[in-house]
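Q: First the structure, then my questions, so here it is.
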Amino acid sequence: MKANYSLYTFPIFFGLLFLLFSCSTVKYVPENEYLLNKATIKVNNKDIEKEELNSFLRQKENLRILGVVNFHLWLYSRSPENKPNSWFRKIGEAPVIYNEGLTERSKTQLIQYLHNKGYYNAQVIEEVAQHPKKPKVNVVYNINAGEPYRIRKINYQFSDSTLRNLFFNAEGDKWISAGQVFDIDQLDKDRQKIADFFKNNGYYYFDKNNIYYLADTTYYTNEVDLELHFKQSDEGQTLENNPYETVSINKINIHFSPNTSGRFGPNLLIDTFKTSTYTLYLPRKYKYKPDFFEGFIKVNPGEKYKLNTIKQTFNGLNRLRQFRFININFDKPDIDVNNNSLDCNINIAPLNKQSTSFDIEGTNTSGNLGIAGNLNYQHRNLFHRAEVLKFNIKGAMERQLAVVENESKDFNTREFGVEGNFIVPKLIGPGNFLNYFNDFLPQTIFTAGYNYQKRPDYTRTITNFKIGYDWKTSEFVRHTWNVVDFNKVSLYQFEPSFINSIKDLYIKSSFTDHLVFATNYTYLYNNQKINEFKNYSYFRVSFESAGNVLDILSNLVGSKSYSAEDSLGLGEINYQKVLNTRYAQYLKTDIEVRKGYIVDKYNSVVWRAFLGVGVPYGNFDVLPFEKKYFTGGANGIRAWQVRSLGPGTYKVPINAYPNQSSDIKIEANIEYRFKLIKMLEAALFLDVGNIWAINSNDNRPGATFLFDKFYKQFAVGTGTGLRFDFTYFIFRLDLGMKVRDPAQDLGNGWIIGNRKLKNDDFNISFAIGYPF
């Protein structure tokens, strides 16, 4: 890229781009017709959701990028008039022709929606404004909502005294309360909640259709007297249609079948096992311990039907990841033991017990491209209690570019690794207190691995072992607690020129043998659902502590003490070893928040914020290099190469190997994503952040975090990117441009307006998947 960019280049470029997309969008608008340029809603009440109002418009304008550019309409307009099946028409969008009838329908739908929300005095006035020169119109729906109707009081009319007593003796609220807006949609949701309440108390046949409301608005202005009625049962009703009889569970049957119907083939040998809870019909090809399902079947014979226990049973079986199909249904018993009982039938179709796969993939490790091969083996039922064994062998090679002592070197990095995971679908550990977690679908995970990395600057081996627990407390909340997280890192065969080229003592101290014996906990909330166009939230917080247990044990047994020069030149320090290796001691915490706003199926906005802090102390005066924070690259501030930014205002020497890392990281990103054509998606992004050292004696000038200065040291980058959606993965290409460089003194770090842009101010990064 040339370095002679001017301040006006980008505004001129985007101005021309806007004019280009604005031209000829009315090419295919018929004579005496109008293009619907824009349809907007204006409402004078902030309590009314505009997004919901927009969903009731029967006619909307053509799709826009950034709310301005009709890109897809412009593509359609590029098609020749004599080629109705041209490629541009297939990938573009035909013009939306203004329809007066649809405008009236939109108005009617909006009024009906507002009435449902309790705004019975609402008025909707549409304004249609024609463009003075072009066949375009803008439609504005002006909404004067008025005051909503509110519930003054509620009367409950029960046809069954048992239901009445059960309802009023229940703890907690009754969902409907005086003073709330008379919202029909909300009242319908409350009907379902009441129905679920009775279902959880044995009323299997009760549903929300057994509840109805009567509203009286005649006596008070903007107030409603509400009556909630329960339908009366008809005389002679049988159990199947009588919602006011409780139902108990007679028997529980578990059927294993290769198909989803629960029926067995004629030549399938079936073993029948009976436990105190259920009868298991198990084909001999599926080897599960008969009593294994006791912990997952929350339904018990003789108990009243409860909707929640059925959901817990389904979720527990589904969490095992053993079955491709689970169905729970209820039938009348073959022998009518009790008119008010049902058999619970659980039909299960298992997945294949063992699987092996081999795949070749492109890799992008810290910005370095390469190729890797993986051999994967999985056994889903190793010891017949749904234990999962995963085994992976990986070999990889990367082609990298490094600069050592101003000399550019192309070199290969080779890697070989093995890793095994053993997952047990329950908590393993001492004490009965672990039983408390049984309702949270827990797992115990054992992980062990070995990784060998050969680089021209050094060779590294990593041995790891981990014992952890994983459980969910709701559909969207997940907890992970690694009680033991052991890593032993050995570095050797250093290239002298590489080590000598590292002038920063803080980084150089990281390239030493060390051992990490840590415990860590992660809380994760994520309500994003794949292929659902809904706003979503993501929140993750993690805590990690390392070295404290080893330090206590070393002091108790009187381990030998060693001494060495402090990494930052502050004199000698004493330390201890375990397995002949110095162990790290630190505390670390991360917080990450993401929010996705889905404008429509073609446009979305996603932002992310991250804060991380690591504090080394005691036996090791710096964080291990694999625990340090860095930024830049495809998943950081994309205008910088990976590990080339910071810390603070520190300026990395020219041609230095990009390896900047430190103890504190603050980063925020926002990205606007929009679909272009078919598999191609584009994005505009803004990244802000930096890293800092927590040790005030760090010898890198400007690297230390200071409360009165850190907010002046943020790097700012912007750019655009392309995403290629190949269904199974997304290939991403981003072009980032530096806007503010904290290492630059000129203009307080701001580049545009203070100097010309240079090649180094741009960075291209490749990656698989979205950055966040």
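Q: Applying the Karplus parametrisation 6.51 cos²θ - 1.76 cosθ + 1.60 with θ = phi - 60° to the phi angles of region 129-136, what ³J(HN,Hα) value in whole Hz is obtained for each residue in order, glycine and proline being reported as x?
A: 10, 8, 5, x, 10, 10, x, 9
Q: Let me ask something additional. Take residue 196 and residue 416, extend 7 Å from each Cα along the Cα→Cβ direction, and tell me the distance between the two endpoints in nm.
A: For residue 196 paired with residue 416, the spin-label model returns 5.5 nm.
Q: Around residue 691, which amide H atoms from residues at least 5 apart in sequence, or from another chain, sit under 5 Å from its own amide H, with H modelled in the peptide plane?
A: For residue 691, whose amide H was placed from the backbone, the distant partners under 5 Å are 648.
Q: If I model a spin label as a point 7 Å beyond the Cα along the Cα-Cβ vector, how far apart are those points for residue 733 and residue 587 in nm?
A: Rounded to a tenth, the inter-label distance reads 4.7 nm.
Q: What net charge do the residues around residue 641 carry, taking every other residue with its C-beta under 15 Å from that of residue 641, with Lys and Arg at +1 and Asp and Glu at -1? The partial results should precede the final answer.
A: Values: positive: 638, 643, 651, 738, 758; negative: 687, 734, 741, 760, 761.
The answer is 0.
Q: Take peptides 38-48, 529-539, 584-594, 463-473 and line them up by average Cβ neighbours within 10 Å, highest first, as a rough protection proxy. Numbers along the way, then the final one.
A: Numbers: 38-48: 14.9, 529-539: 11.5, 584-594: 18.8, 463-473: 17.2.
Per-residue mean Cβ counts within 10 Å order the peptides as 584-594, 463-473, 38-48, 529-539.
Q: Determine ³J(HN,Hα), in whole Hz, for all residues of region 66-74 in sequence, where each value follows from phi through the Karplus function 6.51 cos²θ - 1.76 cosθ + 1.60 and θ = phi - 60°; x replaces Gly and Pro.
A: So the Karplus estimates, Gly and Pro as x, are 6, x, 10, 8, 7, 4, 5, 5, 4 Hz.
Q: Then there's this: At 7 Å along Cα-to-Cβ for each site, give me the label-to-label distance between residue 147 and residue 332 in nm.
A: It works out to 5.6 nm between the two label points.
Q: State the percentage of accessible surface on region 105-144 attributable to carbon and sulfur atoms; use a 1.4 Å probe and exclude ligands, DNA and RNA. Mind showing how you got there, number by number?
A: Working: 1020 of 2210 Å².
That fraction is 46 percent.
Q: On to the next question. Pairs 311/466; 208/426; 208/332; 298/601: which are spaced more than 28 Å apart, C-alpha to C-alpha? Working shown, then result.
A: Numbers: 311/466 32 Å; 208/426 37 Å; 208/332 23 Å; 298/601 40 Å.
Going by Cα-Cα distance, 311/466; 208/426; 298/601 fall outside the 28 Å limit.
Q: Something else: I'd like to check one number: the per residue accessible area of region 663-772, probe 1.4 Å, reported in Å² as a whole number. Please list the in-between numbers first.
A: Working: 5160 Å² over 110 residues.
For region 663-772, the per-residue accessible area is 47 Å².
Q: Assuming 0.36 nm per residue, please report the length gained on full extension of the stretch residue 474 to residue 82 beyond their Cα-Cα distance.
A: Numbers: separation 392, 0.36 × 392 = 141.12 nm, distance 5.77 nm.
Using 0.36 nm per residue and subtracting the Cα-Cα distance, I get 135.4 nm.
Q: Can you give the net charge of the other residues whose Cβ lies under 11 Å from the Cβ of residue 721, counting K and R as +1 and D and E as -1? Let's see the in-between values first.
A: Details: positive: 638, 673, 723, 732; negative: 671, 681, 734.
Within the 11 Å Cβ shell, the charges total +1.
Q: Also, I was wondering about something else. Could you point to the residue in 634, 659, 614 farthest towards the positive end of region 611-668's charge dipole, with +1 and -1 charges on the Cβ of Lys/Arg and Asp/Glu respectively?
A: Most positive-ward Cα: 634.
Q: With a sphere of radius 10 Å drawn around the Cβ of residue 681, what net charge do the other residues whose Cβ falls strictly inside it have (Lys, Arg +1; Asp, Glu -1)? The partial results should precede the final answer.
A: Details: positive: 673, 675, 678, 723, 732; negative: 725.
Once positives and negatives cancel, what remains is +4.
Q: Leaving out ligands and nucleic acids, note down the accessible area per residue over region 68-161 with a 1.4 angstrom probe, in whole Å².
A: On the way: 5150 Å² over 94 residues.
That works out to 55 Å² per residue.
Q: What part of the accessible area of region 708-772, given as a whole %, is carbon or sulfur when the probe is 1.4 angstrom?
A: Numbers: 2070 of 3460 Å².
Percent of accessible area from carbon and sulfur atoms in region 708-772: 60.
Q: So, with a 1.4 angstrom probe, what is the percent of accessible area on region 573-616 that is carbon and sulfur?
A: Details: 1160 of 1950 Å².
Exposed carbon and sulfur together represent 60 percent of the surface.
The values are calculated or read from the model by the stated rules, or taken from the named source; none is laboratory data. Just so it is clear, the model here is predicted, and its values are computed rather than measured. As a convention, Cβ positions derive from the backbone with ideal geometry for all residues, glycine included, and neighbour counts pool all protein chains shown. Keep in mind that these areas ignore ligands, DNA and RNA; they rest on the heavy atoms of the full protein, side chains included. Shrake-Rupley method; radii C 1.70, N 1.55, O 1.52, S 1.80 Å.
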